[in-house]
1. Do you know which residues across segment 1-31 are open to solvent by 60 Å² or more (accessible area, probe 1.4 Å) and modelled with pLDDT of 75 or more?
2. Could you list all residues from segment 163-186 that are among the polar types (S, T, N, Q), modelled with pLDDT under 80 and either part of a helix (DSSP H, G or I) or under 23 Å from residue 3 (Cβ atoms) (or both)?
3. What do you reckon, is residue 160 closer than 17 Å to residue 238 by Cβ, modelled with pLDDT under 80 and buried (at least 21 other Cβ atoms within 10 Å of the Cβ)?
4. Taking the conditions exactly as written (in a helix (DSSP H, G or I), of a type in the set (Gly, Ala, Ser) and under 15 Å from residue 149 (Cα atoms)), does residue 189 satisfy them or not?
5. Does residue 205 qualify as being modelled with pLDDT under 80, out of contact with any Pro (no Cβ under 6 Å at 6 or more places or on another chain) and of a type in the set (Gly, Ala, Ser)?
6. Looking at (1) out of contact with any Lys or Arg (no Cβ under 9 Å at 6 or more places or on another chain); (2) at pLDDT 80 or above, which one does residue 245 not meet, given that it meets all the others?
7. Before we move on, is residue 72 over 30 Å from residue 172 (Cβ atoms) and either open to solvent by 50 Å² or more (accessible area, probe 1.4 Å) or at pLDDT below 70 (or both)?
Amino acid sequence: MEIVFLSALGVGFSTIFGSVIGFIFRKPSLRFNNVMLSFASGVMLSASIWGLIIPATEFSSFSYIIVVIGVFCGAVAIDLCNKLVPHLHSITGLDDGHLSKNEDKVNKVLLFVIAIGVHNLPEGIATGVSFGTGNISDAIMVSLSIALQNIPEGMVIVAPMISIGISKTRTLAIAFLTGATEIIGTLVGYLIVNISEYILPFALSFAGGSMIYVIIDEMIPETHSDAKKGPSYAFLFGFGFMIVVNSLLN
């Protein structure tokens with residue numbers, strides 16, 4: 001349980017770490033942001049396959065059917081969340097490479113908190129669920145992938161909040177709250193899979209499906225908005241990086 005809690009803290013505080021970097025680099029360029037998120041996308045895809053979906057198939061003869069169902073359920077769940085909550089990048093106004101201001105400051109802050117919190121919660125659950133297999137190396141790989149993805153996300157959210165008049169202290173507090181949702185999600189995910197071993201294959205594949213859907217639907221389209229090749233190679237580098245990490249951990 002101690003390593004689960006430490007991983008939860010690591011995943012949650014990675015968003016805050018990214019926010020601190022965001023204070024230093026107030027307006028990261030669109031190209032830099034795309035390369036960072038592409039690398040994180042490759043890392044997440046590799047981790048979701050090796051750390052969640054493949055382990056989910058190793059529990060019973062019916063695991064493959066359960067895994068397919070779980071992957072689709074995870075994707076549908078994220079899709080429903082996206083219909084209810086605006087995407088992070090549409091809120092921050094990064095689609096043209098510049099940060100836009102919002103006349104309604106209160107609503108903008110609320111949108112930030114809700115959007116980031118909702119997107120971080122399933123990532124935290126995925127981290128917690130990965131520990132249910134008992135394979136610590138796979139769980140660490142999943143945790144590392146999500147933590148790396150949270151760093152550029154934390155960087156992106158800082159400048160818009162400061163630009164609309166939110167103080168540095170409150171900006172950091174909001175980043176802390178969004179990271180806290182991931183910590184809660186990790187603990188919830190771990191407790192869920194420990195209630196019954198029969199739900200573990202579905203929970204693992206559900207988490208994997210949700211991660212893959214986020215990559216396909218949100219991260220990859222956003223990172224290729226500038227029509228450059230850099231993000232594509234960054235994605236492959238991130239994918240290969242996690243293959244090396246996985247081989248070192250096992």
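The values are calculated or read from the model by the stated rules, or taken from the named source; none is laboratory data. Just so it is clear, the model here is predicted, and its values are computed rather than measured. Neighbour counts run over all protein chains shown; Cβ positions are idealised from the backbone, glycine included. Note: areas computed on protein heavy atoms with side chains; ligands, DNA, RNA excluded. Shrake-Rupley method; radii C 1.70, N 1.55, O 1.52, S 1.80 Å.
1. 3, 5, 6, 13, 17, 20, 24, 31
2. Across segment 163-186, the qualifying residues are 163, 171, 178.
3. Criteria not met by residue 160.
4. No, not satisfied.
5. no
6. (2)
7. When the stated conditions are applied, residue 72 passes them.
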